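The values are calculated or read from the model by the stated rules, or taken from the named source; none is laboratory data. Remember, it's a predicted structure, so these values are computed and weren't measured experimentally. Glycine also receives a Cβ, built like all others from the backbone with ideal geometry; neighbour counts cover every protein chain displayed.
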There are 2 protein chains.
Amino acid sequence: MKDYYTPGEIAERFDLTLDTLRYYEKAGLLRRVDRAPSGHRRYRTDDVELLHLIRCLRDTDMPIARLREFAELVRSGDHTIPERLDVLQEHKNRLDARIAELIDRQGAIEHKIDYYLGVLSDRAAQTAHTLKDEN
Amino acid sequence: MKDYYTPGEIAERFDLTLDTLRYYEKAGLLRRVDRAPSGHRRYRTDDVELLHLIRCLRDTDMPIARLREFAELVRSGDHTIPERLDVLQEHKNRLDARIAELIDRQGAIEHKIDYYLGVLSDRAAQTAHTLKDEN
DNA sequence: CCTTGACCTGGAGTGCGCTCCAGGTCCCAT
DNA sequence: ATGGGACCTGGAGCGCACTCCAGGTCAAGG
């Protein structure tokens, strides 16, 4: 448990580029991060925690703008927990719907694959049959 | 069963704009579509069928470029079925992985929601307790 | 004949989320 | 003191998938 992390460490840990990390900061997803005397960023444990959630929400396609709103709520203090809940619950609803849609399409694609496999095996059977007749 | 469909009908049926439909044609997802003497497009049943699959693949985030490759295979005739299968199977693998990832994140988000709900109910209990003491 | 509505064209513009770059600073090891 | 590596800044650029637009054609209805 260190009390700070370097940009490189954070980038590695969350599989983000340094550019993306700075972009997130500019976009208001992270607060203005602490600096070493050299000017280099020093991320604290709660930056890491928030980034963890941000990563999770981004991975599930929450837009940057919405993420910024959420981050602002976090920065505004504990009294915003009900609003944060609203954001998360609405996002979860979207996500549930998206997952359901993907699973539905997954079925359709499997069906198409099976159809093509059928065509191929019919064709193979046909060829075998023809060869047999010819021999 | 009509033998052709107008752009408006297709757009409505697949919930696409006319612009997107034309864009797909330009991008090579559809062949050069038939025209009425007026110059208006006339979509045939096999355009509709292909569009159905295209919609399904786009909805699951297959990039336009890959879709164009697939469409070219379709246009090249039945002997490309093995290659089409490759495309579909590879896409299905991606999709399976994506669904698994989303479900994983879904769990994490639920967890966070539960955490916030816990904070709120603790806080409510605390308030009730305080009120009780004061009365 | 005139309007309306569906559609046409080529090409420019948009929004999103990064991603890249030039030129610079700081610090450490050789 | 020199070189390398990690990081800094502001701002430009990019890839994707549309989306919009101006100006036009055509067929049907009143």
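Identify all residues within the stretch A:1-21 that are more than 18 Å from A:Ala36 (Cα to Cα) and within 16 Å of DNA strand C (Cβ to nearest atom); write none if there are none. Explain how you work it out, then say what you get.
Start the filter on the stretch A:1-21 by keeping residues that are more than 18 Å from A:Ala36 (Cα to Cα), which leaves A:1, A:12-17, A:19-20.
A:Glu12, A:Arg13, A:Phe14, A:Asp15, A:Leu16, A:Thr17, A:Asp19, A:Thr20, listed by residue number.
Would you check which residues across the stretch B:31-52 are within 13 Å of DNA strand D (Cβ to nearest atom) and either closer than 26 Å to B:Gly77 by Cα or among the aliphatic types (A, V, I, L, M) (or both) and list them?
Within the stretch B:31-52, B:Arg35, B:Ala36, B:Arg41, B:Arg42, B:Leu51 meet the criteria.
Here are some conditions: (1) surrounded by 15 or more Cβ atoms within 10 Å (Cβ to Cβ); (2) assigned to a helix (DSSP H, G or I); (3) away from DNA strand D (no atom under 16 Å from the Cβ); (4) not small (Gly, Ala, Ser). A:Met62 meets all but one. Which one does it not meet?
Result: A:Met62 fails condition (2) only.
Mind telling me which of the residues B:Leu95, B:Leu30, B:Leu73, B:Leu85 ends up being part of a loop (DSSP other than H, G, I, E, B) and in contact with a helix residue (DSSP H, G or I) (Cβ under 6 Å, 6 or more places away or on another chain)?
The match here is B:Leu30.
What number of residues within the stretch A:1-27 satisfy the criterion of being part of a helix (DSSP H, G or I) and out of contact with any strand residue (DSSP E or B) (no Cβ under 6 Å at 6 or more places or on another chain)?
Total meeting the criteria: 15.
Here is a yes/no grid of residues against (1) modelled with pLDDT of 95 or more; (2) β-branched (Val, Ile, Thr); (3) under 30 Å from A:Arg31 (Cβ atoms); (4) not assigned by TED's automatic domain parsing to the domain that holds A:Leu53:
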residue	(1), (2), (3), (4)
A:Val87	yes, yes, yes, yes
A:Leu102	yes, no, no, yes
A:Gln106	yes, no, no, yes
A:His111	yes, no, no, yes
A:Asp122	no, no, no, yes
A:Thr127	no, yes, no, yes
A:Thr130	no, yes, no, yes
A:Glu134	no, no, no, yes
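With A:Glu101, A:Glu72 as the choices, which residue is more than 13 Å from every other protein chain (Cβ to nearest Cβ) and not aliphatic (A, V, I, L, M)?
Only one candidate qualifies: A:Glu72.
For B:Val74, state whether it is away from DNA strand D (no atom under 16 Å from the Cβ), of a type in the set (Val, Ile, Thr) and without any contact (Cβ under 8 Å) to a residue 40 or more places away in the chain.
Yes: the conditions hold for B:Val74.
Can you tell me which of A:Arg35, A:Arg94, A:Arg41 is surrounded by 15 or more Cβ atoms within 10 Å (Cβ to Cβ) and basic (Lys, Arg)? Full working, then the answer.
Numbers: A:Arg35 fails: surrounded by 15 or more Cβ atoms within 10 Å (Cβ to Cβ); A:Arg94 fails: surrounded by 15 or more Cβ atoms within 10 Å (Cβ to Cβ).
Step by step, each of A:Arg35, A:Arg94, A:Arg41 is checked, and only A:Arg41 is surrounded by 15 or more Cβ atoms within 10 Å (Cβ to Cβ) and basic (Lys, Arg).
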